[in-house]
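Structure first, commentary second.
The values are calculated or read from the model by the stated rules, or taken from the named source; none is laboratory data. What you see is a predicted model, and the numbers here were worked out from it, not measured in a lab. Ideal geometry is used to build each Cβ from the backbone, glycine not excepted, and the neighbour counts take in all protein chains shown. Side chains included, ligands, DNA and RNA excluded: accessible areas come from the protein's heavy atoms. Shrake-Rupley method; radii C 1.70, N 1.55, O 1.52, S 1.80 Å.
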Amino acid sequence: MPLKAIADPPGAESTTMNPTALALAAKLIRNFNEAPMEPWTREPLYQNLGTRLAPGTAAQKLGASIDTVPPGKRSCPYHFHHAQEEMFIILEGTGTLRVAGEMLPIRAGDVIFIPPGPEYPHHILNTSEAPLKYLSISTRESPEICEYPDSGKYLAMASAHGKKTFDAIQRREATLDYWDGEA
């Protein structure tokens with residue numbers, strides 16, 4: 001989804017960019033305050049207002065999103081990645097990071113680093129009375145396996161050139177024999 005073109009900040013002197021500079025700015029710069037936010041809800045636990053920032057940019061290995069989670073909600077299920085590394089920067093509010101079976105308090109200004117692997121299953125919960133806003137930054141490794149310990153599911157996915165090419169969610173017990181269906 002294309003984001004709004006770069007504009008001068010309010011009160012700033014107007015600058016005129018040549019066509020090359022405009023094209024570079026469109027590929028390299030996003031302002032999350034001007035990004036169109038999309039709401040989604042999965043009752044009773046999940047609700048979010050957010051957007052992905054990297055699509056349409058020159059980013060090849062990095063993803064970024066901005067998310068605002070209302071009080072008492074969470075933005076995603078408890079999970080861990082086998083390949084992807086994530087970083088969360090808490091911009092506004094307070095909440096709880098559930099990680100590796102522990103509940104850690106988080107607040108504006110905190111930077112959270114989550115390496116890949118089963119040692120760090122995680123998700124962010126808004127346990128406060130006010131909205132919780134954070135910036136997510138991640139490597140976009142492909143292929144990727146994401147596991148969900150609470151529900152026993154896993155997601156296998158692959159992409160090429162920023163487009164999803166494979167995506168499958170199932171439970172471990174649904175695994176087939178290697179030779180199933182082969183002649």
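Using only the Cα atoms of the stretch 35-103, build the gyration tensor, take square roots of its eigenvalues as a ≥ b ≥ c, and label the shape rounded, prolate or oblate: rounded if a/c is under 1.5, else prolate if a/b is larger than b/c, else oblate. Before the final figure, lay out the partial values.
Values: a/c = 1.83, a/b = 1.22, b/c = 1.49.
Taking the square roots of the gyration eigenvalues as a ≥ b ≥ c, the stretch 35-103 is oblate.
Gaussian network model of the chain, Cα springs within a sub-10 Å range: biggest mean-square fluctuation belongs to which of Pro121, Pro44, Pro143?
Pro44
Once fully extended, how much extra length lies between Glu102 and Ile29, figured as 0.36 nm per residue of separation less the alpha-carbon to alpha-carbon distance? Mind dumping the intermediate values first?
Values: separation 73, 0.36 × 73 = 26.28 nm, distance 3.62 nm.
So the extension gain works out to 22.7 nm.
If you average over every viewing direction, what projected area does the convex hull of the Cα atoms of the stretch 99-150 give, in nm²?
On the way: hull surface 18.1 nm².
Averaging across all directions leaves 4.5 nm² for the Cα convex hull.
Can you work out D for the chain in µm² s⁻¹ from Stokes-Einstein, where Rh is the Kirkwood radius over C-alpha pairs, the temperature is 10 °C and the viscosity is 1.306 mPa s? Walk me through the numbers before you get to the answer.
Numbers: Rh = 18.5 Å.
Result for D is 86 µm²/s.
At a 10 angstrom cut-off on C-beta neighbours, averaged per residue, how do the peptides 58-64, 81-87 rank from highest to lowest? The partial results should precede the final answer.
Values: 58-64: 13.7, 81-87: 16.7.
For the peptides 58-64, 81-87, the packing ranking is 81-87, 58-64.
Calculate the length of the line joining the C-alpha centroid of the stretch 40-91 to that of the stretch 142-182, in whole Å.
After rounding, the separation between the Cα centres reads 20 Å.
Considering only protein heavy atoms, with the full assembly of protein chains and a 1.4 angstrom probe, order Asp67, Asp110 by accessible area, largest first.
Numbers: Asp67 20, Asp110 45 Å².
The ordering from most to least exposed comes out as Asp110, Asp67.
Within the set of other residues whose C-beta is less than 12 Å from the C-beta of Glu144, count the net charge using Lys and Arg as +1 and Asp and Glu as -1. Provide the component values of the computation, followed by the final result.
Values: positive: Arg140, Lys164; negative: Glu85, Glu86, Glu141, Glu147, Asp167.
Around Glu144, the surrounding residues sum to -3.
Considering only protein heavy atoms and a probe of 1.4 Å, how much of the accessible area of the stretch 54-183 is carbon and sulfur, as a whole percent?
On the way: 4230 of 7570 Å².
The nonpolar share, carbon plus sulfur, comes to 56 percent.
Leaving ligands and nucleic acids out of the surface, order Ile169, Ile90 by accessible area at 1.4 Å, largest first.
On the way: Ile169 105, Ile90 5 Å².
The ordering from most to least exposed comes out as Ile169, Ile90.
Longest segment of the chain with no chymotrypsin sites (Phe, Trp or Tyr not before Pro) in a DSSP loop having at most 11 other Cβ atoms within 10 Å? Can you show the working numbers first?
Details: sites that count: Tyr178, Trp179.
It works out to 1-177.
As a check on your grasp of the helix formula, calculate [θ] at 222 nm for the chain: sum -39500 (n - 2.57) over DSSP H runs of n ≥ 4, divide by the residue count, round to the nearest 500. Numbers along the way, then the final one.
Numbers: 1 runs with 10 residues, N = 183.
That calculation yields -1500 deg cm²/dmol at 222 nm.
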